[in-house]
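Remarks on the structure that follows.
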Amino acid sequence: MKTVRISLGETEHQEQHCHPQGMDLQAGEQVVVETKWGQGLARVLATFPAFPDHKRQAPLRNVLRRATPEDLANGGQIRMLELEAKAFCFRKISEREVPMKLVDVKASFDRSKITFYFHAEERVDFRNLVKDLAQQFHTRIEMRQIGARDVASKLGNVGPCGRQLCCKTFLKEYEPISVRMAKDQSLSLSPSKLAGMCGRLKCCLRYEHSMYEELKRNLPKVGSLVEAREGLGIVKAHDILAESVLIQLEEGRQVKVKAADLVHIGPPLDDDSPRKGCGGGGGCSSGGCGVPEAKDHDDE
């Protein structure tokens with residue numbers, strides 16, 4: 001199915017695909033599209049001959065028509081209405097001391113609804129605020145509470161990597177993220193290093209986590225008894241990307257050894273796999289048995 005990628009403005013994702021409904025649209029054209037807050041004015045960024053079904057999280061919204069001169073004029077008026085509504089709402093929030101942070105305001109193209117996006121840590125009683133807004137703008141008012149990551153995706157910023165935030169450019173779904181992911185990647189556990197611009201754990205902690213998990217499966221657990229060319233020792237730490245382990249030898253010396261050069265003679269790599277060489281290329285020098293299982297100290 002042919003699609004077009006559109007921009008709905010500075011506070012919305014820059015990569016949204018829509019169904020052109022048979023229209024031959026070109027990059028740069030202004031169109032009226034369906035949005036989550038009603039009809040809206042958008043600019044076509046690019047066209048695509050097909051959109052992969054496996055990337056489609058929900059039915060694509062439709063392009064309703066090419067923007068007419070009247071639509072463009074109305075778009076300017078809608079932006080002024082949004083600015084006015086935002087300023088008025090800010091003032092009323094301050095006057096009523098409502099514990100919320102106003103993030104964005106979106107008005108539908110036909111003025112049938114104005115949506116106010118706000119962030120708050122807890123539930124907020126905004127009934128009196130809604131009455132003020134409805135009395136001022138004489139239209140349907142919708143208050144939508146959003147999370148910290150949604151705030152970052154709307155406002156946008158540059159992350160520590162020097163690039164625009166993922167949630168602003170392409171990330172639509174927020175998958176669960178845990179401190180364990182940082183531990184598995186041997187990252188600093190300092191909150192200032194792990195937190196993104198939203199104050200939550202960085203979304204990018206998940207990007208490479210599956211690779212770290214896969215590499216870690218090929219390493220003996222911390223606390224395992226292993227044999228290297230230097231002698232017997234206990235695994236003290238992992239260097240996952242280098243596929244190496246730090247082992248402490250019987251005489252107390254510590255050496256770093258490639259997992260492929262080890263013969264694993266302690267507990268198996270996991271509960272289901274047979275006992276085998278850590279690098280997959282050697283048997284247990286002690287027959288894989290007769291050695292008491294070392295206590296698991298894997299920090300997970």
**Message:** Given the options K256, K202, K193, K236, name the one that is modelled with pLDDT of 85 or more, at negative phi, assigned by TED's automatic domain parsing to the domain that holds E173 and surrounded by fewer than 17 Cβ atoms within 10 Å (Cβ to Cβ).
**Reply:** K193
**Prompt:** How many of the residues in segment 84-115 are closer than 19 Å to W37 by Cα, within 29 Å of the chain's Cα centre (by Cα) and not polar (S, T, N, Q)?
**Reply:** 8
**Item:** Of all residues in segment 212-233 being among the small types (G, A, S) and not in a loop (DSSP other than H, G, I, E, B), the one that is surrounded by the most Cβ atoms within 10 Å (Cβ to Cβ)
**Value:** G233
**Message:** Any residue that is within 26 Å of C167 (Cβ to Cβ), modelled with pLDDT under 90 and outside the structural domain of I177 (by TED's automatic domain parsing) - is there at least one of those in segment 100-116?
**Reply:** yes
**Message:** Taking the condition of being surrounded by 13 or more Cβ atoms within 10 Å (Cβ to Cβ) and at pLDDT below 85, how many residues in segment 26-39 meet it?
**Reply:** 4
**Message:** I'd like the full set of residues that are surrounded by 13 or more Cβ atoms within 10 Å (Cβ to Cβ) and assigned to a helix (DSSP H, G or I), limited to segment 97-140.
**Reply:** L129, V130, D132, L133, A134, Q136, F137
**Output for segment 141-176, where each listed residue is in a helix (DSSP H, G or I) and among the aliphatic types (A, V, I, L, M)** = A148, V151, A152, L155
**Asked** Taking the stated definitions as given, is Y207 over 30 Å from L102 (Cβ atoms), within 12 Å of the chain's Cα centre (by Cα) and modelled with pLDDT of 85 or more?
**Response** yes
**Request:** Could you check G156 against (1) at pLDDT 85 or above; (2) at positive phi and say which number it fails?
**Result:** (1)
**Asked** What number of residues in segment 109-126 are closer than 30 Å to R66 by Cβ and either free of Cβ contacts under 8 Å to residues at least 12 places away in the same chain or of a type outside the set (A, V, I, L, M, F, W, C) (or both)?
**Response** 6
**Near pairs, Cβ below 6 angstrom, 6+ apart or cross-chain, from segment 27-51 (closer than 9 Å to V4 by Cβ) to any residue that is among the polar types (S, T, N, Q) and at pLDDT below 85** = L45/S7; F48/T3
**Asked** surrounded by fewer than 16 Cβ atoms within 10 Å (Cβ to Cβ), touching a residue at least 40 places away in the same chain (Cβ under 8 Å) and over 25 Å from L171 (Cβ atoms): does that describe Q77?
**Response** no
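Conditions (1) under 30 Å from H17 (Cβ atoms); (2) polar (S, T, N, Q); (3) touching a Pro at 6+ places or on another chain (Cβ under 7 Å), marked per residue:
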site: C198; (1), (2), (3): yes, no, no
site: L232; (1), (2), (3): no, no, no
site: Q248; (1), (2), (3): no, yes, no
site: R253; (1), (2), (3): no, no, no
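Check K236, K221, K216 and return the single one that is farther than 26 Å from R163 by Cα and touching a residue at least 60 places away in the same chain (Cβ under 8 Å).
After ruling out the rest, the residue left standing is K221.
The values are calculated or read from the model by the stated rules, or taken from the named source; none is laboratory data. Remember, it's a predicted structure, so these values are computed and weren't measured experimentally. Methodologically, a virtual Cβ is constructed for each residue, glycine included, from the backbone with ideal geometry; neighbour enumeration extends over all protein chains shown.
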